[in-house]
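First up is the structure itself, then whatever we jot down about it.
A short reminder: the numbers here are calculations on the coordinates, not readings from a lab. Worth saying up front: this structure is predicted, and the values here are computed from it rather than measured. No Cβ is skipped: glycine too gets one built from the backbone with ideal geometry, and neighbour counts run over all protein chains shown.
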Amino acid sequence: MPTLVLVRHGQSQWNLENKFTGWVDVPLTELGEKEALRAGGHLKGLKFDIAFTSDLQRAQKTLAVILGVIGQSGLSIVKDKALNERHYGALQGLDKAQTAAKYGEDQVKVWRRSYDVPPPKDETGFSESLKDTAARTLPYFNGTIIPYLKQGKNVLVAAHGNSLRSIVMDLEKLTKEQVLELNLDTAVPRVYEMDKDLRILSSKDLK
């Protein structure tokens, strides 16, 4: 029976500084690396067949630390920007508290948590809502990752809050209202045990 583990990266430098990060490629903090070590400790005893991660170093480093802890540093790793965090447009690099003071906390919550309302666009005219993020993440998940699970393989995915939220929303059949309240903590593995038809037998967060 296949096992799927989803894990958000450990604390990044801009998590620490309370900034909107998105596609900006910031590193983990010292605490973030410790969180990844802890996540690895929770996953000891699980043997993975393949791992997937994003194009951003905070997710890649989290994965590398976890694999080191569980003794699978030689595991095959696939990196793809389809698993990147959502693009926060003009908000990237801005302090979240200052942004809330400027636009109002309710508006910022809508930008951060709503399903289909994107933040203001950046100078290139780009930003993503969760719906937009799901539109690139889910085809990749269903077309590239799911086939391994169908073969009975154990899969580890280290990515980001919103790319993983879109996957969880799809796996658990959450409504737009439910996903609004879904929060994935940094470096807390979410483990899905599935049957051969990929029906979820159990799911749990390892804290």
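Starting from residues that are of a type in the set (D, E, K, R) and out of contact with any Lys or Arg (no Cβ under 9 Å at 6 or more places or on another chain), keep the ones in segment 58-83 and report whichever is farthest from A39 (Cα to Cα). Break it down into steps so the answer makes sense when it comes.
The initial filter retains those residues of segment 58-83 that are of a type in the set (D, E, K, R), namely 58, 61, 79-81.
Now narrow it down to the ones that are out of contact with any Lys or Arg (no Cβ under 9 Å at 6 or more places or on another chain): 58, 61, 79-80.
Values: R58: 14, K61: 13, K79: 20, D80: 22 Å.
Applying the filter and picking the extreme gives D80.
What are the pairs with Cβ atoms under 6 angstrom where one residue, in segment 39-64, is among the charged types (D, E, K, R) and the other, located anywhere, is part of a loop (DSSP other than H, G, I, E, B)? Sequence gap at least six, or different chains.
K44/I70; D49/K153; D49/N154; D55/N84; R58/H9
With segment 90-207 as the region, which strands (runs of 3 or more DSSP E) entirely inside it contain at least 1 residues that are within 29 Å of V65 (Cα to Cα), in contact with a helix residue (DSSP H, G or I) (Cβ under 6 Å, 6 or more places away or on another chain) and among the hydrophobic types (A, V, I, L, M, F, W, C)? Lay out the reasoning, then the answer.
Details: elements: 155-159, 190-194, 200-205.
Per the criteria, 155-159.
If we keep just the residues of segment 148-179 that are among the hydrophobic types (A, V, I, L, M, F, W, C) and more than 24 Å from A36 (Cβ to Cβ), which is nearest to the chain's Cα centre (by Cα)?
As a first pass, look at segment 148-179 and keep what is among the hydrophobic types (A, V, I, L, M, F, W, C): 149, 155-159, 164, 167-169, 171, 174, 179.
From the residues that got through so far, the ones that are more than 24 Å from A36 (Cβ to Cβ) too are 169, 174, 179.
Details: M169: 12, L174: 16, V179: 14 Å.
Taking the candidates together, the pick is M169.
Among the numbered conditions (1) on the phi < 0 side of the Ramachandran plot; (2) in contact (Cβ under 8 Å) with a residue 40 or more places away in the chain; (3) buried (at least 22 other Cβ atoms within 10 Å of the Cβ), tell me where G22 comes up short.
Going through (1) on the phi < 0 side of the Ramachandran plot; (2) in contact (Cβ under 8 Å) with a residue 40 or more places away in the chain; (3) buried (at least 22 other Cβ atoms within 10 Å of the Cβ) one by one, G22 breaks only (1).
Identify all residues within segment 61-88 that are in contact with a strand residue (DSSP E or B) (Cβ under 6 Å, 6 or more places away or on another chain) and over 18 Å from T144 (Cα atoms); write none if there are none.
Taking segment 61-88 as the starting set, the residues that turn out to be in contact with a strand residue (DSSP E or B) (Cβ under 6 Å, 6 or more places away or on another chain) are 61-63, 75-79, 83.
Listed by number, the residues that qualify are K61, T62, L63.
Conditions (1) touching a Pro at 6+ places or on another chain (Cβ under 7 Å); (2) farther than 21 Å from Q60 by Cα; (3) crowded, with 16+ Cβ neighbours inside 10 Å, marked per residue:
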| residue | (1), (2), (3) |
| --- | --- |
| I145 | no, no, yes |
| Y148 | no, no, yes |
| N154 | yes, no, yes |
| G161 | no, no, yes |
| M169 | no, yes, yes |
| E172 | no, yes, no |
| E181 | no, yes, no |
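Restricting to segment 1-20, what's the tally of residues that are assigned to a loop (DSSP other than H, G, I, E, B) and either out of contact with any Gly (no Cβ under 8 Å at 6 or more places or on another chain) or not polar (S, T, N, Q) (or both)?
Residues of segment 1-20 assigned to a loop (DSSP other than H, G, I, E, B): 1-2, 9-11, 17-18, 20.
When the remaining residues are screened for being either out of contact with any Gly (no Cβ under 8 Å at 6 or more places or on another chain) or not polar (S, T, N, Q) (or both), the result is 1-2, 9-10, 17-18, 20.
The total comes to 7.
Residues R58, R86: which one is part of a loop (DSSP other than H, G, I, E, B), buried (at least 16 other Cβ atoms within 10 Å of the Cβ) and of a type in the set (D, E, K, R)? Walk me through how you get there before you give the answer.
Working: R58 fails: part of a loop (DSSP other than H, G, I, E, B).
Sole residue among the options that is part of a loop (DSSP other than H, G, I, E, B), buried (at least 16 other Cβ atoms within 10 Å of the Cβ) and of a type in the set (D, E, K, R): R86.
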